[in-house]
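One structure is given below, encoded as structure tokens.
Every number in this text was worked out from the coordinates using simple rules, so none of it is lab data. The structure presented is a predicted model; accordingly, all values stated were derived computationally and were not measured. So basically every Cβ, Gly included, is an ideal-geometry build from the backbone, and we count neighbours across all protein chains shown.
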Amino acid sequence: MLPRWLELSPGKSFRLERVHRTFASARPNQSRAILIRFLKFQEKEYVYREARRQGITHEGAKITFVQDLSAETVRVRRSFNAITKLFVDIKAFRGFQHNPCKLRVLHNGKIHLFSTPHEAEEFYRSISQSE
């Protein structure tokens with residue numbers, strides 16, 4: 001299905017370790033999630049990039065590809081929500097670094113990493129005051 005959804009040439013395929021549905025039941029008006037484990041990081045990134053670019057649908061339903069993150073990583077990312085919105089507003093947010101989870105911010109051409117929301121908030125205040 002992936003080659004057809006991504007409109008790949010017939011010879012292109014992906015090496016997958018495992019593909020299965022999650023154990024959680026489907027939510028109303030939403031199908032169950034499917035986990036896909038790629039053998040090659042580059043292929044996974046290609047699928048993410050192409051899926052975002054093309055806006056894939058199947059039988060009229062939009063298909064979304066997202067990373068399966070641990071509960072701890074989700075918790076840490078959520079703790080950054082308020083400060084992340086401030087960095088997004090000034091176009092400085094650059095995502096998160098994995099293991100350990102750190103907020104990435106671009107300021108004056110340099111990437112800054114923050115382990116806690118408090119560190120990020122102090123940095124935000126310092127650049128807001130200087131501008």
Quick calc, R53 & T22: beta-carbon distance into FRET formula, R0 35 Å, rounding 0.05, result 0.85
With a bin width of 10 angstrom, please list the P(r) values of the range 7-69 as percents of all Cα-Cα pairs, from the 0 bin to the one holding the largest distance.
17, 50, 30, 3
Can you tell me which of 49-55, 2-8 comes out highest on packing, and rank the rest after it, using the mean Cβ neighbours within 10 Å?
2-8, 49-55
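In terms of the Cα gyration tensor, with a ≥ b ≥ c the square roots of its eigenvalues, is the range 71-125 rounded because a/c is under 1.5, prolate because a/b exceeds b/c, or oblate? Intermediate values should be presented prior to the final figure.
Values: a/c = 1.80, a/b = 1.47, b/c = 1.22.
Cα axes put the range 71-125 in the prolate bin.
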Stokes-Einstein D in µm²/s, Kirkwood radius over Cα pairs - the chain at 4 °C with 1.567 mPa s viscosity:
74 µm²/s
In the structure shown, of K12/K85; K40/K91; K40/K85; K40/K102; K12/K91, the pairs separated by more than 27 angstrom at the C-alpha atoms are K12/K85; K40/K91; K40/K85; K12/K91
Mean separation of Cα contacts under 8 Å (at least 6 apart) over the residue count of the chain, i.e. the relative contact order in percent, is 13 percent
